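Presented below is the structure to which this report refers.
No value in this document is a laboratory result; all are computed from the given coordinates. This is a predicted model, so every value here is computed, not measured. Here the Cβ is made from the backbone with ideal geometry for all residues, glycine too, and neighbour counts use every protein chain on show.
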Amino acid sequence: KAGGKVYVKVLKGGGGKEDRRMLLRTVNAVRVAMHPHVVNTVDVFNDAAKVHLVFEFLPGGNLREFLEAHRRRVKKEKATVGVVPAELTSDYDRRVRRALFQVLQALKHLHHYGFVHRSVSLDHVVLSSRTNPTTFK
């Protein structure tokens with residue numbers, strides 16, 4: 001969408017035939033990967049040595065940051081009150097289950113098209129919102 005924030009990932013090839021093949025395969029993967037739980041590709045362009053992948057920007061940070069923020073909230077609550085309220089734990093559990101389910105749906109979609117995400121990690125799962133994340137990609 002015009003004027004919106006985006007995330008740009010630049011892939012550099014070594015210039016060889018095999019490097020170019022891998023870059024083109026990556027470009028094809030992001031074009032096929034349209035799914036509610038895969039970050040949307042806005043544009044792809046390249047020059048002789050690099051491919052620029054333009055993705056939607058999700059402002060919620062990543063799953064690692066979300067988990068660490070929750071751990072800090074629990075630690076603070078326990079130090080202040082002496083116990084952790086049940087609603088804090090149940091909300092966390094619900095969100096983690098949602099994140100896991102959505103990530104597995106995305107991976108299933110990619111595998112259906114013959115693609116394997118080679119770097120799934122807490123740092124690579126991004127959230128729709130920092131305050132109330134409902135979508136994980």
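Could you tally the net charge around Lys78, taking each other residue with its Cβ under 14 Å from the Cβ of Lys78, Lys/Arg +1 and Asp/Glu -1?
On the way: positive: Arg71, Arg72, Arg73, Lys75, Lys76; negative: Glu77.
Its environment carries a net charge of +4.
Taking θ as phi - 60°, what are the ³J(HN,Hα) couplings along the range 125-137 by the Karplus curve (6.51, -1.76, 1.60), each to the nearest whole Hz, with x for Gly and Pro?
3J(HN,Hα) across the range 125-137, in whole Hz: 9, 10, 10, 5, 8, 7, 8, 9, x, 10, 10, 10, 10.
Using a 7 Å offset from the Cα along the Cα-to-Cβ direction at both Val83 and Arg97, what is the distance between the two label points in nm, to one decimal?
2.2
Determine the dipole magnitude for the chain: charges of +1 sit on the beta-carbon of Lys and Arg, -1 on that of Asp and Glu, nothing else is charged, the reference point is the Cα centre, and the result goes in debye to the nearest 20.
The dipole of the chain has a size of about 120 debye.
For every helix of n ≥ 4 consecutive DSSP H residues, a contribution of -39,500 (n - 2.57) applies; sum these over the chain, divide by its total residues, and give [θ] at 222 nm rounded to the nearest 500 deg cm²/dmol. If you can, show how the numbers build up before the last one.
Working: 3 runs with 62 residues, N = 137.
My calculation for the chain gives -15500 deg cm²/dmol from helical runs alone.
Given a cut-off of under 8 Å on Cα pairs at least six residues apart, what relative contact order in percent is computed for the range 40-113?
Computed over the range 40-113, the figure is 15 percent.
Defining a contact as two alpha carbons under 8 Å apart and six or more residues distant in sequence, what relative contact order in percent does the chain show?
Result for the chain is 29 percent.
Give, as a single signed number, the net charge of other residues whose beta carbon lies under 13 Å from the beta carbon of Arg98, with Lys and Arg counted +1 and Asp and Glu -1.
+2
Answer with a single label: of (1) 77, 36, 26; (2) 52, 33, 22; (3) 62, 32, 28, which was calculated as Cα extents along the principal axes in Å from the structure in view?
The value computed from this structure is option (3).
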